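Below you'll find the structure, written out as structure tokens, and then a few comments.
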Amino acid sequence: MKDRRLAVVAFGVLCVGGLAWVQPAAPKPAVKAPPTTTAPAATPAATPTSGTREAVKRLAFLKGTWSGTMEGDPVEETWSAPSGDMMIGMFYWQHEGKTTMSEMLSVKAEGDDAVLRLRHFDSKFDPWKGECDGVAGLKATTVESSRVVFTNQTEVGGLASCEYDCTSADTLKVTVSFKDGKRPALNFELKKAK
């Protein structure tokens, strides 16, 4: 495995170095006198609409690092502050001091709705096989001042819903429900890190 990693690094160095060596230097632009007429104003970069920003901004109560246990094992979830049309999160679950799984999460405004997407990884950070071709977008169907329910309204994936309920300034309850009604929901009670 170590030899394989070295080969990949060496290949990357050769490719990047080779490209830099083969490519000619960019020509320097000619110096021109300033135009005598006024050019039209540049079009401002697209920015999220106020409705788009609001869809994510309403979920600011998730921001921070939350930790607790699930079935006696340590778990932790961290969310960024809302920025523009998105929030990013991560989660990990450990057993006997070793990480058994992790996830990357995003909440992105799509139109006026907030949509949660998450991707699971095993302990080697390999994506779960069932998620290699894509993940479901879970739409925020209930949004309150300190509670949100994301519901899977697609055929993709096994999740039915994810609920985040900030019951106090330092407590976040998370409920993950599955489409398979025989599979019990996962319930986490997390405390905000100080």
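Can you list the strands (runs of 3 or more DSSP E) found entirely within the stretch 76-145 that contain at least 3 residues being of a type in the set (Phe, Trp, Tyr)?
Numbers: elements: 86-95, 98-110, 113-122, 138-144.
The qualifying strands (runs of 3 or more DSSP E) are 86-95.
Please go through the stretch 140-155 and give me each residue that is open to solvent by less than 70 Å² (accessible area, probe 1.4 Å) and more than 18 Å from residue 78 (Cα to Cα), ordered by number.
Once the filter is applied, which keeps residues that are open to solvent by less than 70 Å² (accessible area, probe 1.4 Å) and more than 18 Å from residue 78 (Cα to Cα), the stretch 140-155 yields 140, 141, 142, 143, 151, 152, 154.
Out of curiosity, is residue 89 at pLDDT below 95 and under 16 Å from the mean Cα position of the chain (by Cα)?
Spelling it out, it is not the case that residue 89 is at pLDDT below 95 and under 16 Å from the mean Cα position of the chain (by Cα).
Could you tell me whether residue 123 is more than 14 Å from residue 77 (Cβ to Cβ), open to solvent by 70 Å² or more (accessible area, probe 1.4 Å) and among the hydroxyl-bearing types (Ser, Thr, Tyr)?
yes
Residue 114 passes all but one of (1) without any contact (Cβ under 8 Å) to a residue 12 or more places away in the chain; (2) surrounded by 17 or more Cβ atoms within 10 Å (Cβ to Cβ); (3) of a type in the set (Gly, Ala, Ser); which number fails?
The number of the failed condition is (1).
Among the residues of the stretch 119-144, which ones are of a type in the set (D, E, K, R) and within 16 Å of residue 156 (Cβ to Cβ)? Please lay out each step first, then the result.
At the first step, the residues of the stretch 119-144 found to be of a type in the set (D, E, K, R) are 119, 122, 124, 126, 129, 131, 133, 139, 144.
Passing the criteria: 119, 129, 131, 133, 139.
Select, from 169, 185, the only residue that is open to solvent by less than 50 Å² (accessible area, probe 1.4 Å), over 18 Å from the mean Cα position of the chain (by Cα) and free of Cβ contacts under 8 Å to residues at least 24 places away in the same chain.
185
Residue under question is residue 160, and the condition is that it be in contact (Cβ under 8 Å) with a residue 24 or more places away in the chain, touching a Phe, Trp or Tyr at 6+ places or on another chain (Cβ under 9 Å) and among the aliphatic types (A, V, I, L, M); does it hold?
No, not satisfied.
Taking the stretch 80-98 only, how many residues are touching a Ser or Thr at 6+ places or on another chain (Cβ under 9 Å), crowded, with 16+ Cβ neighbours inside 10 Å and not aliphatic (A, V, I, L, M)?
6
The values are calculated or read from the model by the stated rules, or taken from the named source; none is laboratory data. This structure is a prediction, so every number in the text was calculated from the model and none was measured. Reconstructed Cβ throughout: ideal geometry from the backbone, glycine too, with neighbour counts over all protein chains shown. Please note that ligands, DNA and RNA were not included when accessible areas were found on the heavy atoms of the full protein model with its side chains. Shrake-Rupley method; radii C 1.70, N 1.55, O 1.52, S 1.80 Å.
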